[in-house]
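Only one structure is covered here, and it is reproduced in the block below.
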Amino acid sequence: MSGKLFHAPFISAHPGFNLHTIVKRSDPQLIPQFPNTIISSGIDAMLADKNIDLIVINTPVQWHFQHAKQAIISGKHVLVEKPFTVTSDEAAELIELSAIKNVKLIVFQNRRYDRDYLAVKDIISNNVLGMVHEVEMRFDRFRNSAGGKKHKEGSLPGSGADSYTHLRAHATVLDLVFRPLLENKKTHINTVDS
């Protein structure tokens with residue numbers, strides 16, 4: 001979904017980029033919004049194409065490591081959709097490999113630019129509320145049944161990590177809230193596990 005809603009439209013709209021190829025594993029038909037873009041059923045052609053400098057990895061998280069590693073070895077700059085990898089060892093290997101191959105490796109985390117996140121950040125940074133004593137945050141997503149995407153809601157390694165990355169991005173606002181509280185010697189924070 002993010003390839004369709006974010007990556008492809010952003011890349012095609014930017015004058016510094018050319019949306020060269022889109023990999024669609026299930027339906028290699030042309031996409032009307034991108035008539036000049038090659039549609040491929042796999043990444044091998046992209047890896048070999050000298051005209052491609054940057055590859056966006058927007059597959060299920062279980063494929064991020066393998067595809068990003070292939071792209072880095074091929075000398076491509078890589079933007080990986082969140083969550084970055086299934087394990088921290090995979091992430092460390094990609095970071096090390098990108099440094100060796102001298103290519104950029106970036107994780108796409110757009111939630112830090114959502115209006116609610118920026119508004120809270122601005123309010124806290126400008127001390128609009130004064131001393132904050134309690135914070136309640138919610139990230140609701142109602143569905144009364146599983147959505148059928150095993151890579152997100154199944155038992156595969158990394159399942160559920162997508163929702164976690166959204167929550168984690170918003171929770172970084174808490175650092176702005178609690179860091180001053182923790183630095184204040186008179187403040188005590190109690191946690192309750194339920």
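The values are calculated or read from the model by the stated rules, or taken from the named source; none is laboratory data. All figures in this text were calculated on a predicted structure; none of them were measured in a lab. Side chains included, ligands, DNA and RNA excluded: accessible areas come from the protein's heavy atoms. Shrake-Rupley method; radii C 1.70, N 1.55, O 1.52, S 1.80 Å.
Could you give the accessible area per residue of segment 49-142, probe 1.4 Å, as a whole number in Å²?
For segment 49-142, the solvent-accessible area averages 67 Å² per residue.
Please report the carbon-and-sulfur percent of the accessible area for segment 1-56; probe 1.4 Å, protein heavy atoms only, DNA, RNA and ligands left out.
After summing per-atom areas, the C and S share lands at 57 percent.
Before anything else, pin down the relative contact order of segment 1-116: Cα pairs under 8 Å, at least 6 apart, normalised by residue count, whole percent.
Relative contact order, segment 1-116: 18 percent.
Listed here are the pairs Lys101/Lys121; Lys24/Lys121; Lys4/Lys101; Lys24/Lys82; Lys4/Lys121; which of them are more than 26 Å apart at the Cα?
Violating the 26 Å Cα-Cα cut-off are Lys101/Lys121; Lys24/Lys121; Lys4/Lys101; Lys4/Lys121.
Amide H of Ser40 versus every other amide H placed in the peptide plane: which residues, excluding those fewer than 5 positions away on the same chain, fall under 5 Å?
Placed amide hydrogens put Ile22, Val23, Lys24 under 5 Å from Ser40.
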